[in-house]
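First the structure, in the form of structure tokens, and then the observations on it.
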Amino acid sequence: MSPATDSARFRTVADKVRAGEPLAFDDGVFLYRYPDLLAVGALANEVRERLHGDRTYFNINFHINPTNVCEADCQFCSFARLQPGMPQAYTMSLDEIRGKLVERKDQPVTEIHIVSGLHGGVPWSWYTDTLRVLKELRPDIHLKAFTAVEIHFFAEKYGKSYAQALRELVDAGLGSLPGGGAEIFADRVRRKICRDKATAEQWLEVHRTAHRMGLRSNCTMLYGTVETLEERVDHMLRLRALQDETGGFQTFIPLAFHPDGNRLDKLPRPTGVDSLRTYAVGRLMLHNIPHIKAYWIMIGLDTAQIAQSFGVDDLDGTVQEEKIYHMAGADTPQVMTRTGLIRLIREAGRRAVERDTLYEVRWEDDGRPLPGIRVEASVPYSRHRKRVELSVL
Amino acid sequence: MATPLRLCAVTFLNAWPLYQPLLERPPLDEDGEPLFSVEEALPSECARRLAAGECDVALVPVASYLEHPEWEVVPEVGIAARGAVQTVVVVSEVPLPEVTRIHLDAASRSSVLLLRTLLTTEGLEPELVPAPHGQGASRVRGTEAALVIGDAAFELPGRFAHHIDLGARWLALTGLPMVFAFWAARPGRLTEAHVRALHAARDRGIGQAEPLARRYCEQRLAAGLPAQDEAFYANYLRRTIRYRLDSWEREGLVEYIARSHELHLHDAGDVHVRFAAREHEGVAAARRARAPLRVDALLQRAAAGERLHLHEGIFLYEQADTLALGHAADQRRAALHPEGVVTYIIDRNVNYTNVCTARCKFCNFYVPPTRKLQEGYVHSKEVLAQKFRETEALGGVQILLQGGLNPDLRLEWYEDLFRWTKQNFSLRLHALSPTEIIHIAHLEDLSVAQVLQRLRAAGMDSLPGGGAEILHDEVRNRISPFKNTTDEWLEVMRQAHVLGMKTTCTMVFGFQETAEHTLVHLHRLRALQDEALARRRAHGEHHGQFTAFIVWPFQAEGTRLKLRDDTSPWRYLRVQALARLYLDNIPNLQVSWPTLGPEIGEVALRMGANDFGSVMIEENVVSQAGAHFMLTAEQIEHHIRAAGFSPRRRNMQYDWLPEAAQ
């Protein structure tokens, strides 16, 4: 294609986006390949601002990874230690799990994100009790727990239907499902990087079941391993199809592959441009999913800041004690303060909004200086960024 | 013996730097008697007292002056803003065209006249009703808006759906600063001594932004009023309000008076602003035709390579969206470098000494001469030889040699070092920033040109553009008072160009500089490059020029500079994109990935930059203050490709190296 036909094609795609029409598979691949990165970013930003204005969401959360013992053998994982007793393998007792919350009992945490290995050597009750002990301590806290891969594993291991497993977990305190474990849906890729865990259909079926029960969930895509751009777009379209059916996804979270300490360590990390483009294409393809999240713990705070103009409206939370990515070489801080997140958002000329898991607003930045943010972002452009009503005066 | 002049000042925070120093250290006349007795009031009350003869000098709204052309104005001092002012705003819940009524703050007539001027220009006619000072905002509802001025406006951002800063709007309309108030006096009262005292007070006041902000904060808290962080107020005093009125402000002043007159908003006619001790030119003489500024149109022009004016640069810096700026810069980059190539260099940054007399507050690298025995170093030839050999082994073509201002190292030391380098290595010497050249010139009592000539004869190839920070003495005096001035820095580069050396130029942002400081920096570089290019056209290509511009954020960790400005990657990308558009005559723009990381570096390549800098075999200065990235040539090429370009190695002259040599 020549540059001229490219830009003509881009205008056609932009027209579709502005008209609210769903983009086709070819459009997605085209957006990935279109050389003008900023044009793609600006188009994604249009959608983002139409949906959320200047708001960038975050929440106050922490992670618990109750065990790293795992029956699955994923090539891209530096976290799972496969079997109990192997060096560095651990499984927390219920007291230890409770302890994680006790340590933070005075913090304004609204969510615990719980993701584990697939550990079949513990009774089913260990999983439900994990939720129960946390809820006993803080009934108001939201437990976003267990990926679809884990739910599928529970169903197989403990002889339950998805619905039954989910029902028992909800009874124990489950609030919603995180979006992990989706990786890339294409069989070719799954055979190479995660051959022995839930298939694409099973992953989607768990979310379908959860949505029908009224649970909300997130969805993810692991990019930067062995997949093609076409397989990424295909992945997005399968998520979009389920969303058309159920409307239960809140947020799409592209996850950048981290190569250290796992068996794909010959691969480079995804580049900054690849990450930004993936957010932008995600925003444009997934018109029916409300939020696009940049998980700063993987792409770094700097790229996360820029991502706010490439379709991203959510920067996840304060996190604390993330293990999975840090065992794969993430060099980001493990904890981000609330102030730090607000500053990051403000500097990019956005309005920080603290949300809970279900996107209820808990606090909204009104632009006044806050303790710990000594000088706000350079005065004129952040506050008046583009909303200067130039046509008015 | 003269009686002191009765002086009436405005209580608003923005007036503090002009009159608080008069209270702290009252200026005296030759006989030791005070020159002024000071009282405080709201702006409109100040004007009333002056008109009524209840005082002799007052800080008055410019609009009040229109009714009193007999007043004399103190020259070169006032309250102005070049763009957003923060404390003269219109707030509403609906867009302005839908507003039916605006509650006016009664305290300032200048702001009211400014608002009426802007409204009339737009053909809007909402009802204007006066409200007591400080009460306007509480009356905003539905289609009713308020004009809020003064300190009350600090509390407003985010409270209303629409928030219009009249300073910013005035700049957009006219391309000019807005003067809100100045010292006016009853005729015949002011003497030179008074004018000098008011200038001195202003200069002292500007330097006291922090203590004034702290006191203001404490006062508010003591009065049970909401207060912001003191840095917020200091920031406002230091970079939002401008207290010196130069010719640009005077143009703004004249434009304001004339424009509002044309709209029949006052009948003062052909006003001459009478400055004490000098007469300003008439209104008509200073006016030029002006079109309102528009972001889109400016970006389009700049992307096409048209030159931006200083005020247009300021306007874009304050108003343009970052992606839009970046996109225009990307187009400009593509026009300048259509090959789709991004270059990089293999060189080594060698800091030959860390002993330095400059004591810059932003530096975490230097050791003062008093501690040189404990912590100082000067690299021996053995150490340097080792570093140079390693550089050659890695395919390096150049040494970037910079160091502290070490009084023990004389010109001969450098000459010897350069000759020795050239005899033993095939490396180019990109050596000694202007600051070091000036230091050596002082030490040897030679001219800059003489020093450069001798160093060049000894083997120096080109000059790096370090030590520029912000090329505006208002900033330099604050952060590096013992270092060279802007003019001195530029003069070294001029001399180097005359001698035929190529040089780079830099900027470090994040010192609480204003948009104006940033743009003036770019403006002066561009002007010097114009000179260099003219010289090359007239006298031949052997004359030098700037090859590249590099900007990076101030790295604050561990330095003595306690300010915390915005040094985010977001701002970096803005400044860099704007630099690509403004510096239309400097061919190359280098990414500063060592301070920002390679991912932001990739994005920067899509926002105006065309060079990925150096592999950085070694770096000691910014890494001491928190920058920690290292990359190999292979990784650099990976990131260049990620951004959609072909990588190519270069030398300092930005010549591509043959592929075979790579």
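Can you tell me which residue within the stretch A:109-134, out of those that are touching a helix residue (DSSP H, G or I) at 6+ places or on another chain (Cβ under 7 Å) and among the small types (Gly, Ala, Ser), is nearest to residue A:99 (Cα to Cα)? Going through the qualifying residues, I end up with A:116. Looking only at the stretch A:45-60, residues that are more than 14 Å from every other protein chain (Cβ to nearest Cβ), touching a residue at least 12 places away in the same chain (Cβ under 8 Å) and closer than 16 Å to residue A:282 by Cα come to 2 in all. Scanning the stretch B:84-96 for residues that are in a loop (DSSP other than H, G, I, E, B), among the aliphatic types (A, V, I, L, M) and surrounded by fewer than 24 Cβ atoms within 10 Å (Cβ to Cβ) yields one hit, B:94. Select from the stretch B:147-162 the residues that are within 8 Å of chain A (Cβ to nearest Cβ) and in contact (Cβ under 8 Å) with a residue 40 or more places away in the chain and write down the one among them that is nearest to the chain's Cα centre (by Cα). Looking at the filtered set, the residue picked out is B:155. Confirm whether residue B:99 is buried (at least 22 other Cβ atoms within 10 Å of the Cβ) and either within 26 Å of residue B:135 (Cβ to Cβ) or modelled with pLDDT of 90 or more (or both). In short, yes. Of all residues in the stretch A:13-41, exactly one satisfies the criterion of being free of Cβ contacts under 8 Å to residues at least 24 places away in the same chain and within 10 Å of another protein chain (Cβ to nearest Cβ), namely A:38.
If you check residue B:224 against the conditions, is it modelled with pLDDT of 85 or more, part of a loop (DSSP other than H, G, I, E, B) and either of a type in the set (A, V, I, L, M, F, W, C) or surrounded by fewer than 22 Cβ atoms within 10 Å (Cβ to Cβ) (or both)? So residue B:224 passes the test. Scanning the stretch B:300-350 for residues that are under 26 Å from residue B:634 (Cβ atoms) and charged (D, E, K, R) gives B:330, B:333, B:339, B:347, B:348.
In the stretch A:1-100, counting only helices (runs of 4 or more DSSP H) that sit wholly within it, the ones holding 1 or more residues that are within 30 Å of residue A:140 (Cβ to Cβ) and either of a type outside the set (Gly, Ala, Ser) or touching a Lys or Arg at 6+ places or on another chain (Cβ under 6 Å) (or both) span A:37-52.
The set of residues in the stretch A:349-367 that are in a loop (DSSP other than H, G, I, E, B) and either more than 10 Å from every other protein chain (Cβ to nearest Cβ) or of a type in the set (D, E, K, R) (or both) comprises A:350, A:356, A:357, A:358, A:359, A:360, A:365, A:366. When the stretch A:270-288 is filtered for residues that are surrounded by fewer than 23 Cβ atoms within 10 Å (Cβ to Cβ) and either farther than 22 Å from residue A:38 by Cβ or away from chain B (no Cβ under 13 Å) (or both), the ones remaining, listed by number, are A:287, A:288.
Conditions (1) outside any helix (DSSP H, G or I); (2) at positive phi; (3) in contact with a Gly (Cβ under 9 Å, 6 or more places away or on another chain), marked per residue:
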position: B:103; (1), (2), (3): yes, no, yes
position: B:115; (1), (2), (3): no, no, no
position: B:120; (1), (2), (3): no, no, no
position: B:128; (1), (2), (3): yes, no, no
position: B:133; (1), (2), (3): yes, no, yes
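For first residues located in the stretch B:625-642 and surrounded by 14 or more Cβ atoms within 10 Å (Cβ to Cβ), partners that are at pLDDT 85 or above and aliphatic (A, V, I, L, M) and lie 6+ apart or on another chain with Cβ distances below 6 Å form the pairs B:640/B:342; B:642/A:273. Do we have any residue at all in the stretch B:133-146 that's at pLDDT below 90, within 14 Å of chain A (Cβ to nearest Cβ) and in contact with a helix residue (DSSP H, G or I) (Cβ under 8 Å, 6 or more places away or on another chain)? Yes - at least one qualifying residue is present in the stretch B:133-146.
Listed here are the helices (runs of 4 or more DSSP H) enclosed by the stretch A:169-287 that have at least 3 residues being basic (Lys, Arg): A:187-193, A:229-246.
In the stretch B:500-596, counting only strands (runs of 3 or more DSSP E) that sit wholly within it, the ones holding 2 or more residues that are within 14 Å of another protein chain (Cβ to nearest Cβ) span B:546-553. Of all the numbered requirements in (1) within 14 Å of chain A (Cβ to nearest Cβ); (2) assigned to a loop (DSSP other than H, G, I, E, B), residue B:244 misses one, and that requirement is (1).
Taken residue by residue, the stretch B:114-136 has no member that is touching a strand residue (DSSP E or B) at 6+ places or on another chain (Cβ under 6 Å), of a type in the set (Lys, Arg) and outside the structural domain of residue B:241 (by TED's automatic domain parsing). Consider residue B:333 carefully, then state whether it is among the basic types (Lys, Arg), assigned to a helix (DSSP H, G or I) and within 30 Å of residue A:44 (Cβ to Cβ). So residue B:333 passes the test. The residue that is farthest from residue B:250 (Cα to Cα), counting only those in the stretch B:197-214 that are among the charged types (D, E, K, R) and in contact (Cβ under 8 Å) with a residue 12 or more places away in the chain, is B:214. Looking across the stretch B:99-141, the residues that are touching a Leu at 6+ places or on another chain (Cβ under 9 Å) and polar (S, T, N, Q) come down to B:108, B:111, B:117, B:120, B:121. Scan the stretch B:340-358 for residues that are within 14 Å of chain A (Cβ to nearest Cβ) and surrounded by fewer than 22 Cβ atoms within 10 Å (Cβ to Cβ) and the total you get is 1. Listed here are the strands (runs of 3 or more DSSP E) enclosed by the stretch B:1-83 that have at least 1 residues being farther than 30 Å from residue B:231 by Cα and touching an Asp or Glu at 6+ places or on another chain (Cβ under 6 Å): B:5-10. When residues in the stretch B:34-66 are screened for being surrounded by 17 or more Cβ atoms within 10 Å (Cβ to Cβ) and polar (S, T, N, Q), 2 of them pass.
Select from the stretch B:3-32 the residues that are polar (S, T, N, Q) and under 18 Å from residue B:149 (Cβ atoms) and write down the one among them that is surrounded by the most Cβ atoms within 10 Å (Cβ to Cβ). Looking at the filtered set, the residue picked out is B:14. Here residue B:623 meets the list (1) modelled with pLDDT under 90; (2) at negative phi; (3) not in a helix (DSSP H, G or I) almost entirely, failing just condition (3).
Here's the yes/no breakdown for (1) surrounded by 20 or more Cβ atoms within 10 Å (Cβ to Cβ); (2) out of contact with any strand residue (DSSP E or B) (no Cβ under 7 Å at 6 or more places or on another chain); (3) of a type outside the set (A, V, I, L, M, F, W, C); (4) not assigned by TED's automatic domain parsing to the domain that holds residue B:240:
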site: B:487; (1), (2), (3), (4): no, yes, yes, yes
site: B:490; (1), (2), (3), (4): yes, yes, no, yes
site: B:503; (1), (2), (3), (4): yes, no, yes, yes
site: B:521; (1), (2), (3), (4): yes, no, yes, yes
site: B:530; (1), (2), (3), (4): no, yes, yes, yes
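The values are calculated or read from the model by the stated rules, or taken from the named source; none is laboratory data. Given the structure is predicted, the values throughout are model-derived calculations rather than measurements. Every residue, glycine among them, receives a Cβ derived from its backbone with ideal geometry; neighbour counts consider all protein chains shown.
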